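Worksheet: the structure to be examined is printed underneath.
All of the numbers you see were taken from the coordinates with simple rules; none came from a lab. Note that the structure is a prediction, hence the values are computed from the model and not measured. Reconstructed Cβ throughout: ideal geometry from the backbone, glycine too, with neighbour counts over all protein chains shown.
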Amino acid sequence: MGKVIECAKVDPSSGCKHVIRGNTEEEVMKNAMEHAKSHGIREATPELKAKAKTAIRDEK
Ligand SMILES: [Zn+2]
């Protein structure tokens, strides 16, 4: 079972429907930071990382 982060859960104001996936928490975080670049975020703040981390869910 993998891990997912719904972009909308991290930043509802973005209106983004992207779902980030990874096999592990570490991987999904890495992919999320990669995805953040498509929102013009070049470097994630500790706040954003913390937000993303709490948004991690087990994939169903
Ligand atoms: Zn997004």
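The residue that is nearest to R57 (Cα to Cα), among those in region 23-38 that are surrounded by fewer than 15 Cβ atoms within 10 Å (Cβ to Cβ) and within 14 Å of the ligand (Cβ to nearest atom), is E34.
If the condition is being touching a residue at least 40 places away in the same chain (Cβ under 8 Å) and outside any helix (DSSP H, G or I), then region 40-59 contributes A55, I56, R57, D58, E59. Just one of the numbered conditions (1) more than 10 Å from the chain's Cα centre (by Cα); (2) in contact (Cβ under 8 Å) with a residue 24 or more places away in the chain; (3) away from the ligand (no atom under 12 Å from the Cβ) is not true of V4: (1). Going through I56, I41, I20 one at a time, which residue ends up being within 10 Å of the ligand (Cβ to nearest atom), hydrophobic (A, V, I, L, M, F, W, C) and crowded, with 16+ Cβ neighbours inside 10 Å? So the residue among I56, I41, I20 that is within 10 Å of the ligand (Cβ to nearest atom), hydrophobic (A, V, I, L, M, F, W, C) and crowded, with 16+ Cβ neighbours inside 10 Å is I20. In region 26-39, the residues that are under 11 Å from C7 (Cα atoms) reach residues that are of a type in the set (S, T, N, Q) with C-beta atoms within less than 8 angstrom, at least six apart or across chains, in these pairs: H39/S14. Within region 10-25, the set of residues being part of a helix (DSSP H, G or I) and in contact with a Lys or Arg (Cβ under 9 Å, 6 or more places away or on another chain) comprises V10, E25.
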